[in-house]
Structure formats: C-alpha cells, structure tokens
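For reference, the structure discussed in these notes is given below.
The values are calculated or read from the model by the stated rules, or taken from the named source; none is laboratory data. Since the model is a prediction, treat every value here as computed from it, not as a measurement. Backbone-built Cβ (ideal geometry, glycine too); neighbour counts: all protein chains shown. These area figures cover heavy atoms from the full protein model, side chains too; ligands, DNA and RNA do not enter into them. Shrake-Rupley method; radii C 1.70, N 1.55, O 1.52, S 1.80 Å.
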Amino acid sequence: MQLPVSTYRIQFNPRFTFRHLADIADYLEDLGITTIYASPLLQPTQGSDHGYDGINPAALNPEIGTVEEWESLSKLLQQKGINWIQDIVPNHLAFHTDNVWLRDVLERGINSPYAGHFDIDWEHPFYQQKLMVPFLESELEDCIVNRKLELIFCNTGLCFQYYQYRYPLNADSYPFVLSGCFDSEENPANALINALINSRTADTEHWQHMKEDLLRVLMMDPTAGRIHEKVEAINNDAAQLSRLLHMQHYSLCYFGRSHTEINYRRFFNVNALICLRVEEEQVFQDYHRFTFELYQKGLIQGLRVDHIDGLKDPQGYIDRLRQMFGKDCYIIVEKILDAKEKLPPFDIQGTSGYEFLSYINQLITDTKGSDKLISTYKNYIPEWTDYETVVFNNKMSNLESYLNGEWDNLLRLLLSLNLIDDEEIRLQELKMALGVFMASYPVYRAYVTGLPLNECDESMVKIAFDAALERYPNLHYELDVLRQVFTNHPDSTREANRITFIQRLMQFTGPLAAKGVEDTTFYQFNPLISHNEVGDNPCELGIPVRDFHTKMEERAQTNPYSMNCTSTHDTKRGEDGRIRINIISEMVDEWDTLVKEWKKINEPYRQQAGDILAPVANDEYFLYQAIVGGFPEDLELTEEFITRTKNYYTKVLRESKRNSDHINPNIPYEEACHRFIEHLLNPKHDFLPSIRNFVKKLLPYANIYTMVQVIVKTTAPGIPDIYRGCELWDISYVDPDNRRPVDYVIRKKLVNELRHLEAESLEKANRWAMENFEIGATKLFVTRKLLRLRKSKPDLFLNGHYRPVHFGNDERRVIAYLRHHKTDWLLVILPLGIARETDKPLHISLPDGTPTKWVNIFTGTEVQGREMDVHALHKDFPVAVLQPA
C-alpha cells in the first residue's frame, strides 16, 4: 500500500481541468505534496462545479479531460512522487434526464434493466409502478395550461420538454402520438414500434439499436413533418397532453409534493439526487467497474468514499470494495464522528478527517472565555439556551416539513414487515414515536448487520429511547413497542425483518442529523460560530490540552492514517476565518463592549420586514462574527466583498429557516438584511472603522494561530490534507464561496521567492514571511517546511509514537509533544492564549531518553539540554518545531 504522506484536495470543474493541474505539478512538488486528493471525476451533469451529481458511472467527465490526458498527467505526477486518491460517490447519482441509467428507467419503467439500480419504491400507494418526478414549478395541470411543459419530437425520439429537461415517452404511447402520421398500415414504422413495445425487457444495447432503427424511419420526410404537426396539435389540446402524460412510467409533479410524499430515496432532501441500491451485487459491479479499470491502469492509488452513512450496509459495502480493489488500495470514508463514538471496525485506513478539524478547533479556543461567551450569548438571545433542545426541535421540524414522505415510508415498511404485533396500535402515535426516536438518536447512525446489537449500538439506541421517552412520556407504549424491534427474535424470519427495518431506518437518521444540525442548528445557535462546523459541537467550546493529547494518543493507536483536514468543500467557513472568530474567546470583555456599541449605532438601520425588524438579534449577532471572520486580509473594503457577504448571508438566513428558507424565501426580510449590510460596510458609518480596527488587532494573533493549526495538522497523528489554495490564508464563506478560483500565479511567485530566500538563509526566509504575514506568507513558509520534512521522514509521521509534554497549571499557555520513531525525533512547542499575553516565565522539561541537542527548523537556532525556556524559543519566530541537532 502506498500511504499518502500528505494530500492536496483538487476541486475539478470546467474551469480547472487536468491541464490546469499539470500546470501546478512543479509547484505542488516543491510544496512537498505526495498525493492528489481529487473530487469526483465520473461524468456529472454538464457544467457541474463539484462532480457529486454523476450521470454516467462508466465515463469520465469530458469537461475535465480524457483518459489519455489523465494517463499523461499521471506519468508527470508519478515522476514527481505524487500519487492519486479518488473521491467516489456510490450513494447517489443525479436525477437528470441525461443520466444514462435513469433515462432508461424513465422510458421503460419497471422493465428497465436499471429499474433495480435505483432505490425506488415501485409499490408506493400513490405511485404504483411509476417513478415520482418532483421537479415542476407548479402543479402538472398548471404547467400544461401555461405551456411550460410540451411534447417535442427530436433526435432522441418523442419527449416532454420542461425547460432544458427532456423526459422520454415510453414505447407504448408512440401509437397514441403517431396515429395518422403514416401513409399506410404497411409503413415499416408500425412494425418497428410493435417490435419495440414487445422488447420492453431487452438489454439496453439491443433496445437502443431497435429504437435507432425506428428513429431513422420516423425522421424521413414526409413522416417527420406530419409528426411535428401532430405534436403541435397535442400541445394545443390540454386534455390530450394530460392523457399522454399519465400514460408514462413516471409521474411529473410539483416539487413541493416531495415534502409529504416520495417514492425514491434522495440524498438528504435534495430531489435532484437519486440514491442507488449499491448493496445489490449487480449495482455494485456496474457502478465501480470503470473506476476499477482506472485503478488497474495505475491512475488511482486510493479511494475516498462519499457519504458512507447513506448506504444500507456500510460494512458489507466496504468488504466488497476491499475485495475488488485489493489489500494495497488506500481507502478512507467520509464519516462524521461524534465525540461519543469511535470509527466502526471497517477494513479501511480511516476517515476524511472531520474529527481532527473538531479537535484542533477546540484546542485553539479558550475554555474560560468561551464560558463567558455562552453566558453573554444567552443574555442577548435568551430563547436559545438549551442546545440539545434546539437540535431535537430542528430535527423534528425538518422531519415534519421536508422529510414527511420518508417518515411515512418508514412507517409503512415497519407495518408491511409484520413487526408490530398489536393490530390496534394507534398509527399516528406510532409514527410520532418513530420520528421522536430518530430525532433523539445521538449520532448519525448504527451499523447493524445482526441481532442482538453490539455494545456500542445498544448504548446509542438506549440513549435515543431514553431521550425520546423523557420528551414524550405519553408515547411510552409506542416507544416500548419500537424498542422490541431492536432485540433479537427466536423466529429467523422475524429477526431478518427486524434487521431489514433497522438498516433502512439508519439510512435516514444520518440525513436527519445533517439537516437538523449542520444545515439548520449551525445557523441558529451562535455563541461562537467558528464551532458551527462539520464534526464540531457549538455548545462545548474549547477543550483542555490534556484532553487533546489523549485524543492524539488514541489517534496514533487507532487511526494513524486518517486525514487531518481543516478545510473541505463542505466546511462552513475557511479555516483561517474560523481562527479569527476563535480568538474572540480570548477577548470576551472587549467583544462584549463592541457588540453593545455596534447594536446601539446600528439600531437605526434595522428595517421593518412584515411584523419584525430585520435583522433580528440572533441574525445580527451571527453577522458580526461572520464579518470578523471574512474581512479582507489587507483591510481594504471592496464591492466584491460586500456582494459576497450579502450572498452568503442570504444562504445563512435560508438555512436557519427562522425568518426565511430555501422553499419559501422571505424576500422582504432578506432585502432588509442586505440593506443592513450595506449600511454596516458604508465608509461613512461608524461601524466600519470600529470593526476594521478590531480585525486589525486580531490579525497578528490569527497569524500565529494559523501557524499553530498548520503545525499540529502536519505533525500530529494523521495525514495532513491541504484544501486547494489553503497554503495561504483561507477566509472564504461556505460554498459556493469556497469554490472560487484559486490564484496559483501568486502562490507560485511566493514559493519561488521563499525558495530563493531560504537558499540564502533561514533567517531571511522567516523574516520575509513575518513581514508579509498579511498575505499568508508565514502560513506558506510553515506549510512548505513541514510538508517537505514529512516527505523526507515518512515513517516518523506515519508510524511514530505521540508523546505529550505536560506543563501543569500552565497548559492553556502552550501545547508541546514529541513524535518518535526508532532513532527519529520531533519536538513541537506551540503557544496558546496569545491574546492574553503574560511575562510569567514558562519552561519545558523533556523526559529522560530524549535527545539533548535540538535545532529549530524555522530559525536554525540550536537548543541544548532537556530544560528549555519557552519564551526564548519563540523570541525570533512565534512557533517552534525542533529536530535533533
């Protein structure tokens, strides 16, 4: 297995292709990168910015490049010692008429060879033998009357056109449309249509050949002209068009219906992403075949599995994936681990690193200051005091408002599997008990493959039922009945049915957690929004250094090859914006004074939007923190920043779902908030110089903490992942803001300058970095230095021991630890609490057996002995990483 020593995340899209990656290969080599970590490359919808909306698992994204271009790129990278980890998305594909599998299902329905590839309930009571297609802007009949939906005849046959989407007609409806379009009954088209109808279950290739034969005949004159005339006549007859629509294998309907009824599994509540039944062997093989061919060609050395928690049987999936790709393939999964859970015993190398993001974010947050911040926040916003209640209520709200169809489907499955013995049980109460249990589930999901539950799953299930009963004691009987489903049964059939239900249930507890927490609560509960982050916990701000050490010791033992990430395409804000906001925890009194002042001077700019003043206090408090995190590094205000902030804030308000949302945007409220932002960032207004001065004061501290974060990420157990461009400061907002193009010209220029200076002396290099910290030069300097060190000593970092160095009562002022492998050592000594500077002496004592002569890799300064003065270590450069001299 070729383990990555470091990874660099590339977000491929039509504006960043294989050619663009080749252009920065030398730069990445010089930076010290050993592995490209690529966003999905299988063919997505046209123009996709991210690649998670695949339409053809058997083809490469043509907007990124060809296999031949990838092969050339791979040779270039491997000459530089750079491997490739590929992100794959086995949970879902795009619900799009360009989806090659789904188009066949739309055309042939249950007879399609791909009908079982998608997670569709063909027996749904509202959509018997049909696929629900919830994409219309209004009800079907309205779309017909308003000519939004029309029949067309094109090179792929007869279709219904809705904007850019073309939904194919089934073969059985061709006679209805084409009646009267032929000169005689002997026209060969009639025989071809009948043959097509009688070949509904044919394999895809044969079916397509038959259809092509038919289309060649239909496209001939005068037949084609008559067909176009008939099509126009049908479009002018709403009744005929409606009748034709109801003849199809799908049911086009208003998108809002999906909130209350649905007959396919979606990614979260995104109608445009339809899930796969990858637990079926044929589906597994069809999805992975092309990716495996790329692996066999040597283009891929590792895999990252997206949304593992969406699969029916993650354990079984990983076992099959390992069997297909072999023991030498590096495999990690996207898994958001709660503080209460450990990584399941899958045959993988680890996770994509969100748990590390939480650890380092908590470390760089002052615990005492955070307690005051939470207290201050509760004074400002008294209605947001109980975080767990907020989370529970948001889960229930999402379940009731957006996932009610899935909720009903689960209840129906529970009953159809004969898991409820009481035939007179109250169904509405049973449904509510099911929902309350899901909303109370403390982690994303359980990984159940049999009964009885293992100790870990049993513990989580017990917590969920106890919490559900405490909140809804009136449902005690229904909850007791549900509780029995999670126990083993003497009848093997009944037990198998219980496992089937639990596995299905767990495919929805994860999405419910994501929607209720990450996509709702993280925009509502705002004491310190740097912790409103994927994998983190905004109600617990900061951890003791000893706890961080414990987590790293465990990581070295159990997850040494997991990624250490600090930014991803899914994080809520850039890693350095997060650091700025964290520093507020060390400046609480000043922050409190400023917020009071800001609220006072900005009160006249709040405006009436309906029956409320915009923004409300909670949204206003969020906004102040967001501006602190995202304010331009050079402190120069631009129209671009104002526009970006307004666009971001619109998403914040809609995700919050309090005063606006994505389904029914409250435009007056949003516009009032936009005007509020314009007033805040108006140079004539007192707020702007005030917040600019605060940010200016933060920047030197942020510079140091940015280096602290980079150093811990690159030296603690795990594999550091650099999100594209984050070798310089990243203060972007949430997506799509964090997908803006990266300026590699400036990055190459800075690296070249740094390399030349370092060739002269380390002193010149770090002095230049400190003088130019506002553009992220110190971050680049430290990142490059450590990535190159990792590359030269992979065993030390991949397999080395982690040994904490403790400081007694001064542990909130510094964190120090050793890495040790055979004869190699590394000593890391980093400052904490820097905004609360103190002249109190601080010394470090190394344990026996460690080297006695060290050199600081950033300054070249030599240090003698095992007793060190921390202030002296940080005198010339504010952070220290030392190697034996």
Packing-wise, with mean Cβ within 10 Å as the measure, how do 473-486, 355-368 rank, highest first? 355-368, 473-486
When averaged across all projection directions, what area in nm² does the alpha-carbon convex hull of the chain cover? 40.3 nm²
Segments 295-308, 750-763 sorted - mean Cβ within 10 Å per residue, highest first: 295-308, 750-763
The FRET efficiency for Gln46 and Thr558, from their Cβ-Cβ distance with R0 = 41 Å and rounded to 0.05, is 0.45
Residue (of Met563, Leu475, Ser492) at the positive-pole extreme of region 436-575, dipole from beta-carbon charges: Ser492
Find the relative contact order for the chain and round it to a whole percent, using C-alpha pairs within less than 8 Å whose residues are 6+ positions apart. 12 percent
Subtracting the Cα-Cα distance from 0.36 nm times the residue separation, let me have the gained length for Thr852 to Arg426 in nm, one decimal. 146.0 nm
Amide H proximity to Arg166 below 5 Å, modelled H, separation 5+ or other chain, gives Thr97
Past 24 Å, Cα to Cα: identify those pairs from Lys713/Lys840; Lys713/Lys791; Lys80/Lys793; Lys551/Lys657; Lys335/Lys431, in the order given. Lys713/Lys840; Lys551/Lys657; Lys335/Lys431
With θ taken as phi - 60° and the coefficients 6.51, -1.76 and 1.60, list the Karplus ³J(HN,Hα) couplings across region 706-714 in order, rounded to whole Hz; mark glycine and proline as x. 4, 5, 4, 4, 4, 5, 5, 4, 8
Classify region 221-314 as rounded, prolate or oblate from the Cα gyration tensor: take a ≥ b ≥ c as the square roots of its eigenvalues, call it rounded if a/c is under 1.5, otherwise prolate when a/b beats b/c and oblate if not. oblate
If I compute solvent accessible area with a 1.4 Å probe over the protein chains, what percent of it on the chain is carbon and sulfur? 48 percent
State whether region 829-885 is rounded, prolate or oblate according to the following rule on the C-alpha gyration tensor (a ≥ b ≥ c being the square roots of its eigenvalues): a/c under 1.5 gives rounded; otherwise a/b larger than b/c gives prolate, and the remaining case gives oblate. oblate
FRET efficiency for Gln79 and Arg836, Cβ-Cβ distance as r, R0 = 60 Å, nearest 0.05? 0.75
Percent antiparallel among DSSP beta bridges confined to the chain, rounded to 5, stands at 65 percent
Given a cut-off of under 8 Å on Cα pairs at least six residues apart, what relative contact order in percent is computed for region 587-669? 22 percent
Taking the chain as the reference, fit the longest principal axis to its C-alpha atoms, fit the long axis of helix 639-656 to the helix C-alpha atoms, and give the angle between the two in degrees, 0 to 90, nearest 10. 60 degrees
One point scatterer per Cα, no solvent, Debye formula: log10 I(q)/I(0) for region 728-826 at q = 0.10, 0.14, 0.19 Å⁻¹ comes out as -0.44, -0.80, -1.06
Along principal axes, Cα extents of region 744-885, largest first, whole Å: 46, 38, 23
Please give the solvent-accessible surface of Asp87 in Å², to the nearest 10, using a probe radius of 1.4 Å with every protein chain present. 0 Å²
When the convex hull of the C-alpha atoms of region 341-461 is computed, what volume per residue in Å³ does it have? 176 Å³
Report Asp737's accessible area, 1.4 Å probe, all protein chains in place, as a number in Å² to the nearest 10. 20 Å²
CD proxy at 222 nm, helix term only [per DSSP H run n ≥ 4: -39500 (n - 2.57); per residue of the chain; nearest 500]: -14000 deg cm²/dmol
Probe 1.4 Å, heavy atoms of protein chains only: per residue, the accessible area of region 741-885 in Å² is 46 Å²
From largest accessible area down, sort Asp121, Asp876; use a 1.4 Å probe on the protein chains. Asp876, Asp121
In 5 Å bins starting at 0, how do the alpha-carbon pair distances of region 306-379 split up by percent? 3, 13, 19, 18, 13, 9, 8, 7, 6, 4, 2, 0
With axes computed from alpha carbons, what is the tilt in degrees of helix 204-218 against the longest principal axis of the chain, rounded to the nearest 10 within 0 to 90? 60 degrees
Please arrange Ile420, Ile36 by accessible surface area, largest first, computed with a 1.4 Å probe and ligands excluded. Ile420, Ile36
Considering only C-alpha atoms, what is the centroid distance from region 189-236 to region 644-669, in Å? 47 Å
With all protein chains modelled, accessible area of Cys456 [1.4 Å, Å²]: 70 Å²
Would you work out which of Ile711, Leu623, His662 lies farthest towards the positive end of the dipole of region 614-719? Charges go on Cβ: Lys and Arg +1, Asp and Glu -1. Ile711
How would Val217, Val270, Val145 rank on accessible area, largest to smallest, probe 1.4 Å? Val145, Val270, Val217
Zone of Thr593 (label point 7 Å along Cα→Cβ, backbone N under 18 Å): which residues in region 822-864? 835-837
Region 724-848: relative contact order from alpha carbon pairs under 8 Å, six or more residues apart, as a whole percent, is 16 percent
Calculate, in whole percent, how much of the Cα-Cα pair population of region 35-127 lies beyond 20 Å. 47 percent
Just check region 502-591 against the gyration tensor rule for me: Cα atoms, a ≥ b ≥ c as the square roots of the eigenvalues, rounded for a/c under 1.5, and otherwise prolate or oblate depending on whether a/b exceeds b/c. oblate
Multiply the residue separation of Thr156 and Ala339 by 0.36 nm, subtract the distance between their alpha-carbon atoms, and state the gained length in nm to one decimal. 60.6 nm
Once the principal axes of the Cα atoms of region 141-257 are found, what is the range along each, listed largest first in whole angstroms? 42, 31, 22
Furthest towards positive pole of dipole, Asn393, Ile360, Ile374, structure part region 322-469, Cβ charges: Ile360
Work out how much length Asp98 to Glu640 would gain on full extension: take 0.36 nm times their residue separation and subtract the Cα-Cα distance, in nm to one decimal. 191.6 nm
On a 0 to 90 degree scale, rounded to 10, what angle separates helix 744-760 from the longest Cα axis of the chain? 30 degrees
Quick one: divide the alpha-carbon radius of gyration of region 694-742 by 2.2 N^0.38 Å and tell me what you get. 1.32
Calculate the spin-label point distance for Thr487 paired with Glu185, positioning each point 7 Å from the Cα along the beta-carbon direction, and give it in nanometres. 7.0 nm
